[in-house]
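Engineer: Dropping the structure in here first, questions after.
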Amino acid sequence: RKLLTALAAVAIGASVLAAPAQAQDKKYTIALIPGLTTDAFYISMRKGAEAAAKVVGAELVFQGAPDFNPVTQTPVLDAVIARKPDAILIAPTDKVQLVQPLKKAADAGIPVITVDTFIGTGKYQTGAGDADFPLSYVASDNILGGRIAARALAKAIGEKGKVYVSNVKPGISTTDQREEGFKDEMKNYPNVTVLETQFNDNDANKAASQMQSVFARNPDLAGVFGANLFSALGAANGVQQAGQSGKVRVAAFDAPASIVDNIKSGLVDIAIAQHPAEIGYFGVLSAYAHLTGQSIPASIGTGFTVMDKSNVDKPEVAAFIYKE
Ligand code: T6T
């Protein structure tokens with residue numbers, strides 16, 4: 001009889017213990033809205049987000065626009081809000097233009113976390129301004145990334161000569177900060193001249209033809225910093241088309257397989273690989289933590305892996321090549 005009583009007590013204990021777990025068994029739906037859908041950076045982010053969703057038993061909805069543009073991203077956001085997900089993770093395509101559309105989500109009671117890019121100043125939950133309402137910002141340190149690019153490019157060109165930044169368009173938090181960090185760091189190299197930035201609208205072909213015009217005007221051009229995947233790809237192609245491979249040096253932000261091929265061929269000197277899967281993973285975990293009553297940090301920083309010819313074949317480095 002004693003044994004039976006003991007077993008019953010254990011069983012009761014177990015069911016008491018199981019009760020809170022059952023209460024948390026609600027299946028949350030977490031939406032991830034990328035900057036654009038067909039970008040290896042966001043495809044890798046999605047994989048990390050899906051991995052985390054699996055761990056916490058949430059459903060991940062991935063819905064985005066075909067180009068990196070607030071005009072096409074806003075209706076996607078509106079459609080996602082109408083589906084009433086439990087949380088929204090988004091890479092806003094403009095610091096200012098996405099504020100009001102995202103406010104609609106917050107006003108509808110949907111927690112917002114921004115991943116990769118931010119709105120406003122990126123300082124959230126401060127009680128200041130009209131764009132501090134997202135709960136958290138999960139991203140690379142883009143100013144630091146720009147500094148790393150400047151140091152690497154300065155080294156590649158022997159710390160002297162003309163360089164320029166190939167960038168997307170003003171108003172994007174990430175690429176603005178990369179340019180800022182790059183230019184600030186280049187102040188440490190008095191013999192390096194930074195020419196006017198060329199904006200390519202996230203179009204690699206445009207970036208390639210801009211590279212050729214900059215080179216035509218500056219035949220002594222020494223280097224170029226491609227501030228995101230498409231800028232870097234275009235700049236590298238432009239260097240190749242101008243027959244300047246290995247002469248005009250290239251520092252690339254982002255690490256799709258094509259840029260890694262360019263590193264191997266000597267067209268690109270370094271690539272600063274972000275950790276997009278980590279951004280997606282911790283974005284989802286943060287959303288889940290918030291939904292289940294935990295407090296979360298207002299900002300989570302993920303790291304970089306700097307790739308060059310000497311290390312890109314090592315498995316621990318190659319692991320950060322973006323997935324397509
Ligand atoms: O560089 C990434 C991302 O960090 C940036 O915000 C936009 O461009 C990329 O998606 C690369 O194409």
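Computed from the coordinates by the stated procedures, all read-outs in this text should not be read as laboratory data. All values derive from a computational prediction rather than experimental measurement. We place every Cβ from the backbone using ideal geometry, glycine too, and count neighbours over all the protein chains shown.
Engineer: Of all the helices (runs of 4 or more DSSP H) wholly in segment 102-221, which have at least 3 residues that are among the hydrophobic types (A, V, I, L, M, F, W, C) and surrounded by 21 or more Cβ atoms within 10 Å (Cβ to Cβ)?
Structural biologist: In segment 102-221, 142-156, 204-217 are the helices (runs of 4 or more DSSP H) which contain 3 or more residues that are among the hydrophobic types (A, V, I, L, M, F, W, C) and surrounded by 21 or more Cβ atoms within 10 Å (Cβ to Cβ).
Engineer: Here's something else I'd like to know. From the set of residues in segment 281-306 that are part of a loop (DSSP other than H, G, I, E, B) and touching a helix residue (DSSP H, G or I) at 6+ places or on another chain (Cβ under 9 Å), which is nearest to Y137 (Cα to Cα)? Show your work before the answer.
Structural biologist: Residues of segment 281-306 part of a loop (DSSP other than H, G, I, E, B): 292-298, 303.
Narrowing further to those that are touching a helix residue (DSSP H, G or I) at 6+ places or on another chain (Cβ under 9 Å): 292, 294-297, 303.
On the way: T292: 19, Q294: 16, S295: 14, I296: 10, P297: 9, G303: 14 Å.
Only one residue tops the list, namely P297.
Engineer: For S258, indicate whether it is surrounded by fewer than 21 Cβ atoms within 10 Å (Cβ to Cβ), free of Cβ contacts under 8 Å to residues at least 40 places away in the same chain and within 14 Å of the ligand (Cβ to nearest atom).
Structural biologist: On the way: surrounded by fewer than 21 Cβ atoms within 10 Å (Cβ to Cβ): yes; free of Cβ contacts under 8 Å to residues at least 40 places away in the same chain: yes; within 14 Å of the ligand (Cβ to nearest atom): yes.
The answer is yes for S258.
Engineer: Continuing with this model, one more query. What's the total number of residues in segment 171-206 that are within 13 Å of the ligand (Cβ to nearest atom), without any contact (Cβ under 8 Å) to a residue 60 or more places away in the chain and touching a helix residue (DSSP H, G or I) at 6+ places or on another chain (Cβ under 7 Å)?
Structural biologist: So the count comes out to 6.
Engineer: Could you run through segment 201-235 and say how many residues are of a type in the set (S, T, Y) and under 24 Å from D184 (Cβ atoms)? Give the steps one after another, and end with the answer.
Structural biologist: To start, the set of residues in segment 201-235 that are of a type in the set (S, T, Y) comprises 209, 213, 231.
The next check asks that each one be under 24 Å from D184 (Cβ atoms); those that pass are 231.
Looking only at that region, the number is 1.
Engineer: Of all residues in segment 84-95 being touching a Pro at 6+ places or on another chain (Cβ under 9 Å) and part of a loop (DSSP other than H, G, I, E, B), which is nearest to the ligand (Cβ to nearest atom)?
Structural biologist: Here the residue is A91.
Engineer: List the pairs whose first member sits in segment 275-302 and is among the acidic types (D, E), whose second member is part of a helix (DSSP H, G or I) and buried (at least 22 other Cβ atoms within 10 Å of the Cβ), and whose Cβ atoms are under 9 Å apart, counting only residues at least 6 apart or on separate chains?
Structural biologist: Listed by first residue and then by second, the contacts come to E278/M45; E278/G48.
Engineer: Could you list, in sequence order, the residues of segment 264-280 that are assigned to a loop (DSSP other than H, G, I, E, B) and of a type in the set (S, T, N, Q)?
Structural biologist: Hits for segment 264-280: nothing passes.
Engineer: Out of (1) within 16 Å of the ligand (Cβ to nearest atom); (2) within 24 Å of G158 (Cβ to Cβ); (3) more than 18 Å from the chain's Cα centre (by Cα), the odd one out for G226 is which?
Structural biologist: (3)
Engineer: While we're looking at this one, here's another question. Regarding segment 46-65, can at least one residue be identified that is within 16 Å of the ligand (Cβ to nearest atom) and out of contact with any strand residue (DSSP E or B) (no Cβ under 9 Å at 6 or more places or on another chain)?
Structural biologist: Looking through segment 46-65, at least one residue is within 16 Å of the ligand (Cβ to nearest atom) and out of contact with any strand residue (DSSP E or B) (no Cβ under 9 Å at 6 or more places or on another chain).
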